[in-house]
Amino acid sequence: MIITVLSIIDTQRTGLSLSKMMNQRLERLAQELQNVHLKPLRAAYPGCSDLVVYISYTSSYTIKWRVVNDVPREIEQEVAKYCGKLGYIEWKTDTVNIFKKF
């Protein structure tokens, strides 16, 4: 399984030093989620081809997450478990999740 976590940064406020620092933090947390926290999923679900997760900030700088590709429900639940332990909230919008089958 290939796991990819992408940080969706705020491009409208990139000139502000706080936004720049927060975007760098988000990119670091995306790498940590991909390479550390979700790593056990690789061995647990070898038959699944890939997992793509987006993370971003809410307006109050809480981290939100969203699985954006079509994966089994068990994998989504595992991602929810890991992200919940980290204090991340689920990203509840359909505009980002354009690849998922309903």
Which numbered condition Ile2 fails, given (1) exposed (fewer than 12 other Cβ atoms within 10 Å of the Cβ); (2) under 17 Å from Ile89 (Cα atoms)
(2)
Only strands (runs of 3 or more DSSP E) wholly contained in the chain count here; list those with 2 or more residues that are modelled with pLDDT of 85 or more and of a type in the set (Lys, Arg).
63-67
If you check Tyr45 against the conditions, is it of a type in the set (Phe, Trp, Tyr) and under 19 Å from Ile9 (Cα atoms)?
no
Expected output for the range 72-95 (first residue under 24 Å from Ser49 (Cα atoms) and among the small types (Gly, Ala, Ser), partner open to solvent by less than 60 Å² (accessible area, probe 1.4 Å) and not in a helix (DSSP H, G or I), Cβ below 9 Å, 6+ apart or cross-chain) is Ala80/Trp65; Ala80/Val67
Would you be able to say whether some residue in the range 57-78 is open to solvent by 80 Å² or more (accessible area, probe 1.4 Å), aliphatic (A, V, I, L, M) and under 17 Å from Ile2 (Cβ atoms)?
no
Answer yes or no as to whether Arg25 is within 16 Å of Glu78 (Cβ to Cβ) and open to solvent by 60 Å² or more (accessible area, probe 1.4 Å).
no
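The values are calculated or read from the model by the stated rules, or taken from the named source; none is laboratory data. Note that this is a predicted model, so its numbers are computed, not measured. Reconstructed Cβ throughout: ideal geometry from the backbone, glycine too, with neighbour counts over all protein chains shown. Calculation scope for accessible area: heavy atoms of the full protein, side chains included, ligands and nucleic acids excluded. Shrake-Rupley method; radii C 1.70, N 1.55, O 1.52, S 1.80 Å.
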